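The values are calculated or read from the model by the stated rules, or taken from the named source; none is laboratory data. Source: prediction; values computed, not measured. No Cβ is skipped: glycine too gets one built from the backbone with ideal geometry, and neighbour counts run over all protein chains shown.
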Amino acid sequence: MKPENTSNRLSILVVDDEESIREGSARILMRMGYQVYKASRGSEGLEILDHHPVSIVLLDLKMPGMDGMEVLGHIQRLNPEILVIIITGYATLETAVEAMKQGAYDFIAKPFEPDQLRIVINRASERIRLTEETEKLAQERQRNLADLGTEKSRIRTIVESLPNGVLVTNVQGQVALMNPAFEWLMGIEEDKSTGEPIEACIQDIGFCQMVEDISAGKAHSLPVTYEFTTIGEKYLMASGRPVLGDEGECLGAVVNLVDITAMKVLDRLKSEFVAKVSHELRSPLSTIHEQLALVLKDMVEKESTRDQYLLSRAKEKTQGLISLIGDLLDLSRIEAGNVCIDCKPVKLDEFLKSIVDFMETRASGKNQRLSLVVPNEPIPLISADPRALESVFGNLIANAINYTPDGGAIEVKISLLPDNIQTDVSDTGFGIEAKDIDNIFKRFYRVKNEKTRFITGTGLGLPIVKGLLDELGGSIQVKSEPSHGTTFTVFLPLSASNPP
């Protein structure tokens, strides 16, 4: 059994029957910083090795009793890592060579100088140090390999147990990893192996194109999302990102796949419920509103002012409910995809002029100036649903009038861009604070402060505008400064414009 060396210093055993050699070697070695054990016989030396950790043995070949060759054999069996340096005379040089064949590390001939001993011992110490370093590196390598194997196993276990589908591809768009959830959601057979192109596993062209673009580093906005349906009427949402290397290069794509079927069904049921309830409430509220209008018209002067005020307030509230129901029905139609289905060629400048002329009376009631600015060059026709455009610009201009104080100005301006027609609806009104701008397109959200708390509304106008523009392939932006007005900018595409 190999004894453990509990000290940082190397221990050396000197086995020699000549006291002068034994003591002289010990003095030299102790000055070099080694711990030294001494033995005058081979048996005594083996006994020391049984009880003390020793790294180097200086062993004389010619000793009474057990000679050096026999002691060398015992040391080899006890601990072959101990370096044995043979001490020999010139007459026994051939025996020293034979000892090295039997496992001795080196030899030194008697009589030797202190420097000769130091050279041999330093060489042996360096050998021990290099051996220990090699062992440490080997152990570290094995530990790293074990850790890597454990980490890979752990990551694979986590990925395979995820409820969402996970797909990983390389830069060529070939499948590198596909967890069971992804295979189940996409209905992929289990015999599909990695290394195949994404088209060999997935039939949806749009999904494959998304994965290939991300894998090749062509995705400009992150994350990239794609919603699609499978043959079994399963709604899926895919979200993908590139896998980046240490230097930022694209190594492939990772795609997360979620089943949103339940959400779609719930959303459809909610829309159907809202549409049905709104439709059922619209008729009785309209009747109540008309009856209130008749009562107010027929009231004689002797009726109290208080009664007239109460009836006027009731009429105003029913009109607000009717507007809310109309907005809810519009949202339901947008969600159901029942808008923007009757597209026609529209000349936008003439279309906006009719809306501005219609809203002019409302603006004049607040002593506001409403104007339309068109470019000098001809404006091309666009293909759009006129009812959707009327709702978009009607809402924006009505909001501008409502949120602009008396005497203010509203301007509608048309500009031509290479791929779009830009329309700005600007006002000199109350403006919108930065904390509210991100929320104004959310349903039922209304900006409420001291200036706007008396303005009635449903908080559904801008969500309707946003939904209609999405259906038309357009977009909307807003810039505002409190107390200095707001500008809503609408972009309508020319890609489908200029019909024959």
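Table: residues versus (1) modelled with pLDDT of 85 or more; (2) among the acidic types (D, E); (3) part of a strand (DSSP E or B); (4) outside the structural domain of D357 (by TED's automatic domain parsing).
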| position | (1), (2), (3), (4) |
| --- | --- |
| S426 | yes, no, yes, no |
| D436 | no, yes, no, no |
| I440 | no, no, no, no |
| N449 | no, no, no, no |
| T452 | no, no, no, no |
| I455 | no, no, no, no |
| L469 | yes, no, no, no |
| V478 | yes, no, yes, no |
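Residues in the range 47-102 that are outside any helix (DSSP H, G or I), farther than 25 Å from R118 by Cβ and touching a residue at least 40 places away in the same chain (Cβ under 8 Å): P64 only. Report yes if some residue within the range 236-245 is farther than 15 Å from V168 by Cβ and in contact (Cβ under 8 Å) with a residue 40 or more places away in the chain; otherwise report no. So far as the range 236-245 goes, yes, one or more of its residues are farther than 15 Å from V168 by Cβ and in contact (Cβ under 8 Å) with a residue 40 or more places away in the chain. Scanning the range 32-46 for residues that are closer than 12 Å to L10 by Cβ and either assigned to a loop (DSSP other than H, G, I, E, B) or at pLDDT below 90 (or both) yields M32, G33, Y34.
In the range 144-178, the qualifying residues are those that are under 18 Å from the mean Cα position of the chain (by Cα) and either hydroxyl-bearing (S, T, Y) or exposed (fewer than 10 other Cβ atoms within 10 Å of the Cβ) (or both), and the one that is modelled with the lowest pLDDT is P163. Can you work out which of the residues in the range 261-278 that are surrounded by 13 or more Cβ atoms within 10 Å (Cβ to Cβ) and out of contact with any helix residue (DSSP H, G or I) (no Cβ under 9 Å at 6 or more places or on another chain) is modelled with the highest pLDDT? Restricting to residues being surrounded by 13 or more Cβ atoms within 10 Å (Cβ to Cβ) and out of contact with any helix residue (DSSP H, G or I) (no Cβ under 9 Å at 6 or more places or on another chain), the top hit is T261.
Counting only residues that are among the polar types (S, T, N, Q), more than 21 Å from T489 (Cβ to Cβ) and in a helix (DSSP H, G or I), the range 361-407 holds 2 of them.
Of G394, G408, G461, which residue is out of contact with any Lys or Arg (no Cβ under 9 Å at 6 or more places or on another chain) and at pLDDT 85 or above? If you could, list the steps in order and put the result at the bottom.
Numbers: G408 fails: out of contact with any Lys or Arg (no Cβ under 9 Å at 6 or more places or on another chain); G461 fails: at pLDDT 85 or above.
Result of the check over G394, G408, G461: G394.
Taking the range 2-31 as the range and being under 60 Å from the mean Cα position of the chain (by Cα) and at pLDDT 90 or above as the test, only S11 passes. Take N367 and decide whether it is surrounded by fewer than 16 Cβ atoms within 10 Å (Cβ to Cβ), over 24 Å from L472 (Cβ atoms) and at pLDDT 90 or above. The answer is yes for N367. Scanning the range 203-220 for residues that are surrounded by fewer than 17 Cβ atoms within 10 Å (Cβ to Cβ) and either in contact (Cβ under 8 Å) with a residue 60 or more places away in the chain or among the β-branched types (V, I, T) (or both) yields one hit, I205.
Taking the range 200-248 on its own, how many of its residues are among the hydroxyl-bearing types (S, T, Y) and either assigned to a loop (DSSP other than H, G, I, E, B) or not assigned by TED's automatic domain parsing to the domain that holds I188 (or both)?
Count: 2.
Out of the residues in the range 182-191 that are surrounded by fewer than 15 Cβ atoms within 10 Å (Cβ to Cβ) and at negative phi, state the one that is modelled with the lowest pLDDT. Explain how you work it out, then say what you get.
Of all residues in the range 182-191, those surrounded by fewer than 15 Cβ atoms within 10 Å (Cβ to Cβ) come to 184, 187, 189-191.
Subsequent filtering for residues that are at negative phi retains 184, 189-191.
Values: W184: 84, E189: 72, E190: 64, D191: 57.
Only one residue fits best here, namely D191.
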